[in-house]
């Protein structure tokens, strides 16, 4: 798979950029987002789809993004022509596709086949393009487990709340009650499948305190990152979705105590007032693994900025 760096996927922030606005496509190259998503779907009016494909193809071929992680959100059959999108933008400089309005495993199988055909045409290895499924409907949520296991290309499931609420006839409210269940389902099925859960965007762009609260709720549910609709949201998103110094310190202490003080005759014990058990140990190991993956990714980006990084996995 064409991930441009070694290690686990790091998808804390995915910045969506309208594919038909050339100035925004250029500016996105210097954003701090973990992943740039060039959008050919909702952000692009119908009469600009062809122009959007052209501009996205040009910016990818220009290699302006270097080894930055870049996906393209193509259209579904409901919103446009996914085959035309794939044919226009798939290239060695593209790392993956975000496919919207996914409601079944069959939706993903169809796109998987299109991507395989395009890889063959371009002389790229099988499985070169990664895939993120965007789930935006009650039916999609109910089929999320099936979707999560439908393709080896899948690196994540993404939740889109606005279409979901429209179909549910639910409403936004102070604690976003209507979103709790779908967010929990997305987090649960993706963690079970070993892929990334990606949360819906927070659309009140200037409300950074609201964003922080919303992101914390998603992180508490198990989400690994979220969509960003503005570059100004990215520092807050990264703060929430990166293990804090306190979390890392505590995780290291738990690992040290478990490995040095565990009694084979007991499954759990208390040390220094802290409850230690196999589950708390496993959680600590995952925290350190996540922290190290983010550190390696950020080191990669620093080297990328200085021109030292050329690797591609």
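No value in this document is a laboratory result; all are computed from the given coordinates. Values in this document were obtained by computation on a predicted structure and should not be read as measured data. Here the Cβ positions follow ideal geometry from the backbone for every residue, glycine too, while neighbour counts run over all protein chains shown.
Summary table below
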{"item": "Degrees, to the nearest 10: 105-122 long Cα axis against longest axis of the chain", "result": "60 degrees"}
{"item": "Equivalent-ellipsoid semi-axes of the chain, from the Cα gyration tensor, Å, largest first", "result": "34, 23, 19"}
{"item": "Residues 188, 287, sorted so that the one with the fewest Cβ neighbours within 10 Å comes first", "result": "188, 287"}
{"item": "Three-way shape label, the stretch 84-241, alpha-carbon gyration tensor, a/c 1.5", "result": "prolate"}
{"item": "At 1.306 mPa s and 10 °C, Stokes diffusion of the stretch 160-258 via Kirkwood alpha-carbon radius, µm² per second", "result": "108 µm²/s"}
{"item": "Between helix 177-193 and the chain: long-axis angle, C-alpha atoms, 0 to 90°, nearest 10", "result": "80 degrees"}
{"item": "The chain: relative contact order in percent, alpha carbon pairs under 8 Å with at least 6 residues between", "result": "18 percent"}
{"item": "Calculated [θ] (222 nm, deg cm²/dmol) that DSSP helices of n ≥ 4 give over the chain, each run adding -39,500 (n - 2.57)", "result": "-15000 deg cm²/dmol"}
{"item": "Separation of alpha-carbon centers, the stretch 57-95 and the stretch 133-153, rounded to whole Å", "result": "22 Å"}
{"item": "In degrees, nearest ten, helix 278-306 long axis to first principal axis of the chain (Cα)", "result": "40 degrees"}
